[in-house]
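Chemist: Pasting a structure here, questions to come.
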Amino acid sequence: MENLLPVFVALTGLAVILQAGVLVAMYVALRKSSSRMELLVTEVKTRAIPALESATLVLDDARPKLASILENVEQSTSLLRAQVTRLDAVSNDALDRGRLQVMRADELISRTLDRIEQTSDMVHKSVVYPVRQVSGVIAGLTAGGENLLGGRGAPRTEKQTVPQDEMFI
């Protein structure tokens, strides 16, 4: 075992040197990354910061305009809503009036037709019936006169007779 001690010491030394090499390699890689990051940060600062500043200026300039636009849209919307409400009320009123006029016209036409029918019945009763009666009386007198005279009147010709009911229709 005593022979192994120098081997372990040599291996331990070799491991320490290996670790030191790895640490040095890590330091060099970190240094390269750090320099790259610094370049990247510098590039971002030179490009992004002016862009952000101009965007901020544009937003600051546009904010009052956007507020004005939104206010105008709000006013227009409320005005439009009021006008639509008025239009709805007017159209409902017009529809109600139209329905009322249609009902009145229907009632007027119905009454007119009823009066025409009543007038027709009255004319029929007051004119047609008396004319039929007078016509019947005249026909009876004519027939009686012919009978009394013994058929000496004008000879009867064949004529088509129309029933009395169909004569005044």
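Chemist: Taking the condition of being of a type in the set (S, T, N, Q) and either modelled with pLDDT under 90 or in contact with a Phe, Trp or Tyr (Cβ under 6 Å, 6 or more places away or on another chain) (or both), how many residues in segment 57-92 meet it?
Modeler: 0
Chemist: If you check residue 118 against the conditions, is it of a type in the set (S, T, N, Q) and either under 41 Å from the mean Cα position of the chain (by Cα) or loosely packed, with under 10 Cβ neighbours inside 10 Å (or both)?
Modeler: So residue 118 fails the test.
Chemist: What are the residues in segment 66-86 that are among the acidic types (Asp, Glu) and under 27 Å from the mean Cα position of the chain (by Cα), if any?
Modeler: 74 - this is the single residue of segment 66-86 that is among the acidic types (Asp, Glu) and under 27 Å from the mean Cα position of the chain (by Cα).
Chemist: Would you please list the contacts, defined by Cβ atoms under 6 Å and residues six or more apart or on different chains, that run from a residue in segment 128-149 that is assigned to a helix (DSSP H, G or I) to a residue that is not β-branched (Val, Ile, Thr)?
Modeler: Short answer, once both residue conditions are applied: 128/168; 132/164; 146/153.
Chemist: Separate question: Test of understanding: among 46, 85, which residue is hydroxyl-bearing (Ser, Thr, Tyr), in a helix (DSSP H, G or I), surrounded by fewer than 10 Cβ atoms within 10 Å (Cβ to Cβ) and free of Cβ contacts under 8 Å to residues at least 40 places away in the same chain? Reasoning before the result, please.
Modeler: Working: 85 fails: surrounded by fewer than 10 Cβ atoms within 10 Å (Cβ to Cβ).
Result of the check over 46, 85: 46.
The values are calculated or read from the model by the stated rules, or taken from the named source; none is laboratory data. Every value quoted in this text rests on a predicted model; they were computed, and no experiment measured them. No Cβ is skipped: glycine too gets one built from the backbone with ideal geometry, and neighbour counts run over all protein chains shown.
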